[in-house]
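Asks: Just dropping this structure here.
FYI, it's all coordinate maths here, none of it is from the lab. Here the structure is a predicted model, which means the values were calculated and not measured. Glycine gets a Cβ as well: all are built from the backbone with ideal geometry, and neighbour counts include every protein chain shown.
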Amino acid sequence: MKRATHQLKCVIYSVYFYTIFLALLYLFFLYGHIRFGDSKRAQNIEAWRKLSLHLIDTLFFLVRVRIKVTGCEKIPECPVVFAANHQSYLDPLVILHIVRRPFAAITAPFDEFPPIIRRWFAHMGCISVSRDVFEELRYEETIHAEQAIAACVTTLKSGTSLLIFPEGRREFKKRLLPFHLGVAKIALEACAPVVPITLAHVDTFFPTHHVTIHPVHLEATIMPPVALWDVSSNVLEDVVYLERRIKKHLPKSYFSEQSIPHIPHGKRAAFFDLDDTLTRSNIYQKLVVRYLMAHVSAGNFQKIPRLLVKRMLLKHGYFYLAAIRMLKGIRATEFLSGFYGYLKKHKKELFYPQMLELVRSHQEKGNAVFIISEEPQEILDPISKLLGVPCFGTILEKEKGVFTGEVVGHLMKDEYKREKMIELAKKHNLDLSKSYAYGDSYHDYAMLRGVGHAALVNPKKSFGARCKNLGMRIIHEK
């Protein structure tokens, strides 16, 4: 009964909160347009920022948001970089309310937000950043990370403070994510102090995947400014230092479970599935059909309909084993004859161009890139040569160069992908908590859950919805 009563109160409060918020949002927006007009001039941008502060103060007063703030007196008068952990969409509002100072903010692409919000961001002079190659291509108004750093430095040198969430995205799992290096690069280049801010309980008040708001007291701790040039000239050392400062004031529940190991000085990596992630279809099936069509015989002719029937009737793993058994008695060199040339000739048809661009982007950033697939290793070797990426797959048994139709060990899928990823992380000193993984199906799920940044390519609706709730990105490729 108490639980039902509490839930009812939360629903009523949520309706009240959203009603007040939307009403104020549109009223203040109308007033701003009448009073200041557009935001093309610097004084208008500053006016919109101050108006935003008045809006948030009014909202928090009417909906009775209570925030316990510690350390406001520690904010220096000069332009600073406010660096905070990111728990909720409400975070920028809370920070503006407690620091009492207009600032520019780094945001995700404006088109990710509702129209009225993106117009507010534009009027406030927010810096919209593309976080990967897909956002660069999809959103014209965004700028690349390196351009964003230059824009942030210019903003600070002009006398305006900056808000940045170094994690790059919200904490879906109530655990602090590793910081990106941008915050240190900006602060060092602009010679601006960083003010670390720890937010607590905002994700309880405004949950990530629920519209119902749970009114609780929020906490914010503002720490003394940090001159990173006195800490270290190494940006990695600097961001690790900031991480530790913010961690000190987070709830203990944040550190009760660490499912992804965090090696502060480890490198980033990107792990890709192959079929339906990098490629438009199953490469192995194409190769089998190609071989059977090139080696016409009564026995091979019968294998094609058998393969199609098994594809329809058997579950994925069993079908794959059945397809491998069809290779029994076939010489490996004969099976793969001309395959590399086929890949080169049909590269644009076989691979998603934007996914290949993403591979290249990771390589340019210095991230270690790997392909982990259930495809036979013999098929992956030519792909590795074509893309310049190490590949790891299923090992097929051979006797004197002839396939036996058996697998050595296991199919490279499910938990085995995660095990291979962890093995590579140990070997190459990789930090999985700040690494990336890309897949398309449940067979990639364990691998996706093993990194800090996961994305799905054209997933089935139910699987995509489940993973989106865990903070994974959805990529739609054509």
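Asks: Along the positive direction of the dipole of the range 271-475 (beta-carbon charges: Lys, Arg +1; Asp, Glu -1; about the Cα centre), which of 446, 475, 396 reaches farthest?
Replies: Looking along the dipole axis, the top candidate is 475.
Asks: Here's another thing I want to ask about it. Where does helix 2-35 land angle-wise versus the long Cα axis of the chain, in degrees 0 to 90, nearest 10?
Replies: Approximately 70 degrees, to the nearest 10.
Asks: Which peptide among 92-105, 360-373 comes first, and what is the full order, when sorted by highest mean count of other Cβ atoms within 10 Å? Before the final figure, lay out each step's value.
Replies: Values: 92-105: 20.6, 360-373: 18.0.
Going from most to least packed, we get 92-105, 360-373.
Asks: Cross-link list 426/468; 248/461; 328/478; 385/478; 365/420: which exceed 31 angstrom alpha carbon to alpha carbon? Each step should come with its number before you reach the end.
Replies: Working: 426/468 28 Å; 248/461 39 Å; 328/478 35 Å; 385/478 25 Å; 365/420 23 Å.
Cα-Cα > 31 Å for 248/461; 328/478; rest within.
Asks: Take every DSSP beta bridge whose two residues both sit in the chain, then give the antiparallel share in percent to the nearest 5.
Replies: Working: 11 of 46 bridges.
So the antiparallel bridges in the chain amount to around 25 percent.
Asks: Another question, if that's okay. Report the Stokes-Einstein translational diffusion coefficient (µm² s⁻¹, integer) for the chain, Rh taken as the Kirkwood radius over Cα pairs, at 20 °C with viscosity 1.002 mPa s. Please list the in-between numbers first.
Replies: Numbers: Rh = 25.1 Å.
For these conditions, the coefficient is 85 µm²/s.
Asks: If you restrict to DSSP beta bridges whose two residues both lie in the range 2-257, what percentage is antiparallel, to the nearest 5?
Replies: Details: 5 of 22 bridges.
If I count the DSSP bridges inside the range 2-257, around 25 percent turn out antiparallel.
Asks: Over what distance in Å are the Cα centres of the range 5-56 and the range 338-369 separated?
Replies: 46
Asks: Based on Cα positions only, what radius of gyration and what Dmax would you give for the range 2-257, in angstroms?
Replies: Reported Rg and Dmax, both Å: 18.1, 55.
Asks: Here's a follow-up. Using mean Cβ contacts within 10 Å as the protection proxy, how do 19-26, 52-59 order, highest first? Could you put the intermediate results ahead of the total?
Replies: Numbers: 19-26: 13.6, 52-59: 17.4.
Top to bottom by mean Cβ count within 10 Å: 52-59, 19-26.
Asks: Can you work out the PRE-style zone for residue 61? Point 7 Å along Cα to Cβ, and I want the residues of the range 1-35 with backbone N under 20 Å.
Replies: The answer is 16-32, whose backbone nitrogens lie closer than 20 Å to the label point.
Asks: Would you work out the charge dipole size for the chain about its Cα centre, treating the Cβ of every Lys and Arg as +1 and the Cβ of every Asp and Glu as -1, and quote it to the nearest 20 debye? Mind showing how you got there, number by number?
Replies: Working: 66 positive and 46 negative charges, 219 e Å.
Rounded to the nearest 20 debye, it is 1060 debye.
Asks: Considering the dipole of the chain built from charges on the beta carbon (Lys and Arg +1, Asp and Glu -1) around the Cα centre, which of 337, 322, 59 is farthest to its positive end?
Replies: 322
Asks: When DSSP assigns beta bridges and you keep just the ones with both residues in the range 271-475, what percent turn out antiparallel, to the nearest 5? Walk me through the numbers on the way to the answer.
Replies: Working: 6 of 20 bridges.
Approximately 30 percent, going by the DSSP bridge assignments.
Asks: Follow-up question, since we're still on this one. How big is the range 114-213 by the Kirkwood estimate over distinct Cα pairs, in Å?
Replies: Values: mean 1/r = 0.0645 Å⁻¹.
After inverting the mean inverse Cα-Cα distance, the result is 15.5 Å.
Asks: Give the angle, between 0 and 90 degrees and rounded to the nearest 10, that separates the Cα long axis of helix 283-294 from the longest principal axis of the Cα atoms of the chain.
Replies: 20
Asks: A follow-up question, please. Taking the Cβ of residue 194 as the centre, find all other residues whose Cβ is under 14 Å away and add up their charges (Lys, Arg: +1; Asp, Glu: -1). Display every interim value, and only then the final one.
Replies: Details: positive: 74, 185, 244, 245; negative: 189, 230, 237, 238, 243.
Charge balance in the 14 Å sphere: -1.
Asks: To the nearest 10 degrees, how steep is helix 235-247 against the longest Cα principal axis of the chain, on a 0 to 90 scale?
Replies: Helix 235-247 sits at roughly 60 degrees to that axis.
Asks: Given 158, 188, 207, which one lies farthest toward the positive end of the charge dipole of the range 113-207, if we put +1 on the Cβ of every Lys and Arg and -1 on the Cβ of every Asp and Glu?
Replies: Sorting the options by dipole projection puts first 207.
Asks: With N set to the number of residues, divide the alpha-carbon radius of gyration of the range 271-475 by 2.2 N^0.38 Å and report two decimals. Write down the numbers at each step before the final one.
Replies: On the way: Rg = 17.2 Å, N = 205, 2.2 N^0.38 = 16.6 Å.
Cα Rg divided by the expected 2.2 N^0.38 Å: 1.03.
Asks: Which order, highest average first, do 8-16, 77-85, 224-232 follow once you tally other Cβ atoms within 10 Å for each residue and take the mean per peptide? Show your work: numbers first, answer last.
Replies: On the way: 8-16: 13.3, 77-85: 21.1, 224-232: 15.3.
Per-residue mean Cβ counts within 10 Å order the peptides as 77-85, 224-232, 8-16.
Asks: Can you grab the distance from the C-alpha centre of the range 374-447 to the C-alpha centre of the range 185-253, Å, no decimals?
Replies: The range 374-447 and the range 185-253 have Cα centres spaced 37 Å from each other.
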